[in-house]
Ligand code: FO1
């Protein structure tokens, strides 16, 4: 079964790691969010692509949810001594990837080409495509002005009130090579349990992606919201800022009209009726992935629901 997954960071990485145990990893194509990308110390960082890569390579620091396991931060300490910015923690081994990617980008290579080489070198057998090779950056409007996503999420710890969200550059961006074909040819298009506004939203903002989703008859999402709250992160704040109810029904609304099925959590009593009322099939499963077993179990539920 060929699966094409729209993925953000942490929540997506867990489900994808489970999926890679349930289907042939070679049948899994991931379209990764690049709206979180940032320039740190002059280096191009692609947090969501890297989180998915490290997860599928078995090297993700699971406790943190990003970066490499067994990481050290000596360069960060040295940067602090020099008075450099250190609110975005780049680990020493992680740094190699950013140095390597930045040099390749400056040499004219596309993010797609670079991502394919990195995943190959790390032994990842699934295909990871950036949503676009063109720059699309999520920016957040707060009472004190506009912030880049990482400034909002990491530096300001997602505390500021959110007035608006913008995907800067989206209107000029094209889907990366293979993205539209992957969505069209998939037996299952899966929207991972990522933040609908700042992880999935940027992917949807790339012209051509929503058209491909509308043409698919199998689009299934996994709700990142259980009851009235996200499993983790600022999804609630960001959904409210977009006028979306912070619930599984709010997620279904965000993905209307191309969403066919939404996997909702066993703990969420109201979800099945509320989602069903929107004309979306609700599938109930344990969506709280607290360990490998629950990651694989959820992946099995997803594949079983096709
Ligand atoms: N998230 C943090 O909360 N603090 C950090 O210092 C941090 C550093 C970091 C470095 C590399 C990387 O790939 C991800 C990193 N993240 C960090 C996560 C990042 O903010 C992601 O954008 C979020 O996981 C949301 O997708």
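Any chance you could give the angle, 0 to 90 degrees and rounded to 10, that helix 47-56 forms with the longest Cα principal axis of the chain? For helix 47-56, the angle is close to 70 degrees.
Taking Cα atoms only, the orientation of helix 10-22 departs from the longest principal axis of the chain by about 70 degrees. Going by neighbour counts of Cβ atoms within 10 Å, the residues 265, 36, 27 line up, fewest first, as 27, 265, 36.
Ranking of 46, 216 by neighbouring Cβ atoms within 10 Å, starting from the fewest: 216, 46.
What ranking do 185-191, 8-14 get when scored by the average of other Cβ atoms within 10 Å per residue, highest first?
Details: 185-191: 22.4, 8-14: 26.7.
Packing proxy ranking, top to bottom: 8-14, 185-191.
Provide the percentage of antiparallel DSSP beta bridges, counting only those with both residues in the chain; round to the nearest 5.
Within the chain, antiparallel bridges account for around 40 percent of the total.
Could you give the angle, 0 to 90 degrees to the nearest 10, between helix 111-121's Cα long axis and the longest principal axis of the Cα atoms of the chain? In the chain, helix 111-121 runs at an angle near 90 degrees to the longest axis.
Taken together, the values in this text are just the output of simple stated rules run on the coordinates, not laboratory data. Computed from a prediction, not measured in an experiment: that's the story for all the values here. Ideal geometry is used to build each Cβ from the backbone, glycine not excepted, and the neighbour counts take in all protein chains shown.
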